[in-house]
């Protein structure tokens, strides 16, 4: 097996990397600067910076309309949105979720002294396997959190059937899935509620932000109280809460980027198609596909590499980094192998063979509106070189 020290053999010895500036996974997409600065002038003139300002209200209205739900409750970030949704649903005891996801999903439970129970994934979709969920249900189980990984929907109907049969609450972490659909219906209206992330690394961002979307009137009312310390009018606290409010400046970025969302999706789609055309021709390498019948945001370019290649997944990443293409392992090594969960549940991996297999073979590549086409060509050239050893 060939070992690569600090540069791929694609370049001449001592030559600079292919790109002078690093190409990151999740580099922010940004809409019109002129429109954003106009919003900034309005914010300065109004001097209304937070506390449910007019831009936040407009942002919530437009997102609820876009997703076809009754309520959008905007928050300061996706993690706080998860925590508030979990508390509003009054989950306790044990909640089943995938280990193959960002650790914030587990932390949002653990912080509230709820035990995250990790169920295995379908190796083809990377989403929760309903059969694995059934194996993890105990008398202490109160809920399920499905994660629409990579923007590809969970098996929503199967998970809802399990929740109905066992009297469980079902919610979704839709951090990857803004603008995506399931059976033609926009993700956002499934389960009791769905949680969105608008972090800077997401294809649609508000600098930093998140939201919970739902058509449940009572749940929305409770979450609006909870994100603002439980205030109902001036000097009238009626519920325990925290500070989860979105600022006006974040909402301004959201409104600007909502206008440009079609441009973002189209750029991602073109990049995904170009990556797929070149990388799928390499034996032992495949790009995860999106269902053309659904709405997709193409936010992630996910590559799976075979164990039979002459180089490891990590060696491929190392060589790409030498070209300033900062490809990443994603969700490796799984939440169950991170602390405190590794100490709490040292044998969890026994039930998660697919999680380990997927985590060990996935590479996520840069995309977005600023990605030069030449980056895709460089990635393909490096991977052809490495896999031909």
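Assorted remarks:
- Any chance residue 65 is under 13 Å from residue 258 (Cβ atoms), more than 21 Å from the chain's Cα centre (by Cα), modelled with pLDDT of 95 or more and not assigned by TED's automatic domain parsing to the domain that holds residue 372: yes
- For the range 12-37, a residue qualifies if it is in contact with a helix residue (DSSP H, G or I) (Cβ under 9 Å, 6 or more places away or on another chain), outside any loop (DSSP other than H, G, I, E, B) and at pLDDT 95 or above, and the qualifying residues are 33, 35, 36.
- Of all residues in the range 21-59, those satisfying the criterion of being closer than 25 Å to residue 374 by Cβ and buried (at least 17 other Cβ atoms within 10 Å of the Cβ) are 23, 24, 25, 26, 27, 28, 29, 30, 31.
- Qualifying residue in the range 313-325 (condition: in a loop (DSSP other than H, G, I, E, B), within 21 Å of residue 126 (Cα to Cα) and either in the same structural domain as residue 271 (by TED's automatic domain parsing) or modelled with pLDDT under 95 (or both)): no
- Leading residue by the ranking (nearest to the chain's Cα centre (by Cα)) among those in the range 240-269 that are crowded, with 16+ Cβ neighbours inside 10 Å and over 21 Å from residue 62 (Cα atoms): 268
- Check on residue 319, in contact with a helix residue (DSSP H, G or I) (Cβ under 6 Å, 6 or more places away or on another chain) and surrounded by 15 or more Cβ atoms within 10 Å (Cβ to Cβ): yes
- Subset of the range 355-377 [surrounded by 19 or more Cβ atoms within 10 Å (Cβ to Cβ), assigned to a helix (DSSP H, G or I) and touching a helix residue (DSSP H, G or I) at 6+ places or on another chain (Cβ under 8 Å)]: 355, 361, 376
- Criterion applied to 72, 76 was being in contact with a strand residue (DSSP E or B) (Cβ under 9 Å, 6 or more places away or on another chain), in the same structural domain as residue 117 (by TED's automatic domain parsing), more than 14 Å from residue 193 (Cβ to Cβ) and crowded, with 20+ Cβ neighbours inside 10 Å, and the one residue passing it is 76.
- Options 265, 302: the member that is outside any helix (DSSP H, G or I) and not assigned by TED's automatic domain parsing to the domain that holds residue 117: 302
- Filter pass, residue 151 being in contact with a strand residue (DSSP E or B) (Cβ under 6 Å, 6 or more places away or on another chain), closer than 19 Å to residue 69 by Cα and in contact (Cβ under 8 Å) with a residue 60 or more places away in the chain: no
- Output for the range 259-285, where each listed residue is touching a strand residue (DSSP E or B) at 6+ places or on another chain (Cβ under 7 Å) and within 19 Å of residue 373 (Cα to Cα): 271, 272, 275, 276, 279, 280
The values are calculated or read from the model by the stated rules, or taken from the named source; none is laboratory data. All of these numbers come straight from a predicted model, not from anything done at the bench. Counting neighbours? That spans all protein chains shown, and the Cβs are built from the backbone with ideal geometry, glycine included.
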